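Below is one structure, written out as structure tokens, with a few remarks after it.
Bear in mind these aren't lab numbers, they're just calculated from the coordinates by the rules spelled out. All values derive from a computational prediction rather than experimental measurement. Cβ placement follows ideal geometry from the backbone for every residue including glycine, while neighbour counts extend to all protein chains displayed.
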């Protein structure tokens, strides 16, 4: 009986020790879970190729944790929910952005979290999600992949337009135009001496231009003075005197005309007088 009692006591002691060890491990794990890591969630739209449990999470390029879990959004199968386990005290902001970035040439990917701005508030639990939610945005590679069909369509359009521009008729016209341009440039080159002479003459004429302008200004001043004098003559007594002189001249001309007429008819009368006597009755 005593031997069996000892076995029971030893077994009970071992069980107590094992239980205490398990409790200690769980306590340490819980302490590590609650104090050494912080958890966030992010919602990626579309494929998350290259991601998986344990994939690295980087904050401004520095590795700070890993992906704890990946699952589909039950309300939208196009959305993948990623749970991120990262170091505490990172100061992730409300305007921080998570994205999927390629990792070199290995084909793998990682989650990149941008730092946000210093004036933004720290990211806390939102909307009863259980974890703070970091907004997601497509990476540069994803944006390029999404825009590839549109880019190809535009390239096809450009190719068709280029093919239309480079049609046989347009090529002939372009060749003819280039030939004309070449002919014109050859002609200009052959007459370069004449062009240089013309430019020299123009330069000389431009040097004489200030003197010509000055002479023209003087002529205009003289013409203006002449116009002023004529205006004073018309407005003053000169016009009345000129009118009287013209009247006197007309009278003189009339008298001379009469005298000429008398000379033509009776020239002796003007020289010797009228010698004819009148009839005297007896």
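Order by neighbour count: 22, 80, fewest other Cβ atoms within 10 Å first, most last.
Values: 22 10, 80 20.
Ordered from fewest to most neighbouring Cβ atoms within 10 Å, 22, 80 come out as 22, 80.
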**OP:** Fewest Cβ neighbours within 10 Å first, please rank 44, 202, 131 accordingly.
**Re:** 202, 131, 44
**OP:** Any chance you could get the radius of gyration and Dmax over the Cα atoms of the range 11-90, in Å?
**Re:** 17.9, 57
Subject >> Full-stretch length increase - residue 157, residue 178 - with 0.36 nm per residue and alpha-carbon distance subtracted >> reply: 4.8 nm
Original post:
Under a plain spin-label model, where a point goes 7 Å from the Cα along Cα-to-Cβ, how far apart in nm are residue 199 and residue 26?
Top reply: 9.9 nm
Original post:
D for the range 36-141, whole µm²/s, Stokes-Einstein with Kirkwood Rh over alpha-carbon pairs at 10 °C and 1.306 mPa s: what number?
Top reply: 115 µm²/s
